[in-house]
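The values are calculated or read from the model by the stated rules, or taken from the named source; none is laboratory data. Source: prediction; values computed, not measured. Methodologically, a virtual Cβ is constructed for each residue, glycine included, from the backbone with ideal geometry; neighbour enumeration extends over all protein chains shown. Please note that ligands, DNA and RNA were not included when accessible areas were found on the heavy atoms of the full protein model with its side chains. Shrake-Rupley method; radii C 1.70, N 1.55, O 1.52, S 1.80 Å.
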Amino acid sequence: MNHPIDKYFRKLVEEGGSDLHLSEGMPPKVRVHGEIVPIEDTILTHEDMVELMQPICTEKLWKQFTEIGDADFAYEMDETSRFRCNYMKQQRGYCCVFRLIPTKILTLEQLNVPEQIKRFAEMRAGLVLVTGPTGSGKSTTLAALIDYINTNYSRHIITIEEPIEFVHPSKKSLITQREVPSNCKSFADGLRASLREDTDIVLVGEMRDLETISLALTAAETGLLVFGTLHTNNARKTIDRIIDVFPAEQQAQARTMLAGSLRGVVAQLLMKRCDKPGRCAVNEILFATPAVAAIIREGATQKLADVIVGGKSLGMQFMDDAIWQKLQQGIVSPQEAYMKSIDKARFKNFLPKELANMANAGGA
């Protein structure tokens with residue numbers, strides 16, 4: 001069945017974009033290679049927004065949106081086009097954002113992520129965190145990792161998502177996908193239930209609150225391999241975020257639990273390419289070692305950078321080293337490398353003179 005909004009979705013696909021933005025009082029816009037651009041001059045009215053938004057969501061979700069001001073769900077236009085949808089109310093009125101979800105799950109090789117990420121698929125228990133800011137492709141990388149396990153190992157994999165993004169057909173593994181709140185009330189409820197469902201691997205779409213993070217640590221300690229996501233840029237910030245969720249009096253215990261259960265962190269950023277249109281992923285990779293566990297227990301996460309840099313032979317990769325490699329290969333510009341790096345001083349000398357002067361003036 002065709003809906004009025006489908007014309008914009010088709011335009012998004014044609015333009016090779018990642019996101020569609022519709023906002024009352026504004027023209028329709030899409031994000032292409034990281035830049036948001038208008039696709040027509042029409043200013044969307046309140047009536048336009050209702051006509052576009054209401055038909056593709058359920059009556060229950062529309063009621064929730066009109067009463068609360070937010071709604072999340074997935075919409076499938078056709079067998080090759082699926083979207084993650086977010087509805088919100090804002091100053092001008094109704095607004096919505098749609099993320100295009102590829103229906104074909106790319107392999108780790110096609111994503112060109114480091115080969116050593118496959119090692120997480122071989123693990124039988126523990127916590128693996130895939131992190132990055134919104135729109136960094138962490139869901140795509142995690143889907144590729146789950147697909148690799150699904151193709152090569154016989155496991156029972158449960159995913160808990162809001163909404164379900166990538167749909168995985170069961171291959172060598174058995175995959176059970178649960179959506180919050182239609183299949184389970186919350187991430188925490190889904191995670192708690194997975195402990196009773198003969199699960200080998202559980203993917204938690206977002207570890208956003210104390211209860212979910214605490215249950216993820218418990219599940220990892222009791223023998224499940226738990227994959228979770230956080231909106232953090234590197235391994236140090238990821239570990240700090242996990243611990244900071246706990247009340248002060250519980251943080252020592254949380255550090256002990258995390259030190260014992262963490263198996264690794266894959267942090268991901270997307271960088272704008274300068275050699276051709278598009279973006280490329282860069283990754284920081286931390287594998288848990290006795291030194292990493294000791295650092296977590298001590299709360300001395302500032303030492304992690306040295307451990308990651310020194311752990312290259314173990315497959316670890318520091319974010320700035322990954323960015324440096326892309327800069328040396330001519331894939332990203334000095335400006336992009338400088339903006340995305342942790343140690344700005346390392347990249348400052350490569351900036352054009354006027355930008356370097358501005359960086360110096362800003363004290364970076």
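If the condition is being in contact with a Leu (Cβ under 9 Å, 6 or more places away or on another chain), part of a loop (DSSP other than H, G, I, E, B) and closer than 27 Å to residue 252 by Cβ, then the range 290-333 contributes 311, 316. Filtered by the rule that a residue be at pLDDT 60 or above and either open to solvent by 80 Å² or more (accessible area, probe 1.4 Å) or touching a strand residue (DSSP E or B) at 6+ places or on another chain (Cβ under 8 Å) (or both), the range 341-364 gives 342, 349, 350, 353, 354, 360. The set of residues in the range 206-244 that are within 27 Å of residue 341 (Cβ to Cβ), in contact with a helix residue (DSSP H, G or I) (Cβ under 7 Å, 6 or more places away or on another chain) and open to solvent by 40 Å² or more (accessible area, probe 1.4 Å) comprises 206, 236, 240.
Checked against (1) open to solvent by 10 Å² or more (accessible area, probe 1.4 Å); (2) of a type in the set (A, V, I, L, M); (3) more than 19 Å from the chain's Cα centre (by Cα), residue 203 passes all but condition (3). Taken together, the residues in the range 33-61 that are farther than 12 Å from residue 95 by Cβ and open to solvent by less than 30 Å² (accessible area, probe 1.4 Å) amount to 3.
Working only within the range 290-323, note down all residues that are of a type outside the set (A, V, I, L, M), open to solvent by 10 Å² or more (accessible area, probe 1.4 Å), free of Cβ contacts under 8 Å to residues at least 40 places away in the same chain and closer than 19 Å to residue 115 by Cβ. Result: 312, 313, 318, 321.
The C-beta contact set for the range 229-242 (first residue in contact (Cβ under 8 Å) with a residue 40 or more places away in the chain, second residue among the hydroxyl-bearing types (Ser, Thr, Tyr) and in a helix (DSSP H, G or I), distance under 6 angstrom, 6+ apart or interchain) comprises 230/238; 232/238; 236/301; 239/301; 240/301.
Restricting the range 18-32 to residues that are open to solvent by less than 40 Å² (accessible area, probe 1.4 Å) and of a type in the set (A, V, I, L, M), the residue that is nearest to residue 279 (Cα to Cα) is 32. Criterion applied to 263, 297 was being closer than 17 Å to residue 120 by Cβ and modelled with pLDDT of 95 or more, and the one residue passing it is 263.
If a residue has to be open to solvent by 70 Å² or more (accessible area, probe 1.4 Å) and under 18 Å from residue 2 (Cβ atoms) to count, how many in the range 66-97 make the cut? Final tally of qualifying residues: 3. The number of residues in the range 250-289 that are open to solvent by 30 Å² or more (accessible area, probe 1.4 Å) and either assigned to a strand (DSSP E or B) or touching a strand residue (DSSP E or B) at 6+ places or on another chain (Cβ under 8 Å) (or both) comes to 6. Of the residues making up the range 166-193, just one is touching a residue at least 40 places away in the same chain (Cβ under 8 Å) and either open to solvent by 50 Å² or more (accessible area, probe 1.4 Å) or of a type in the set (Gly, Ala, Ser) (or both), namely 167. For the range 133-165, a residue qualifies if it is buried (at least 18 other Cβ atoms within 10 Å of the Cβ), more than 12 Å from the chain's Cα centre (by Cα) and of a type in the set (Val, Ile, Thr), and the qualifying residues are 146, 149, 157, 158, 159, 160, 164.
All conditions but one from (1) over 26 Å from residue 181 (Cα atoms); (2) touching a helix residue (DSSP H, G or I) at 6+ places or on another chain (Cβ under 6 Å) apply to residue 41; the one that does not is (2). State whether the residues of the range 98-112 include one that is open to solvent by less than 20 Å² (accessible area, probe 1.4 Å) and at pLDDT 95 or above. Yes: one or more hits.
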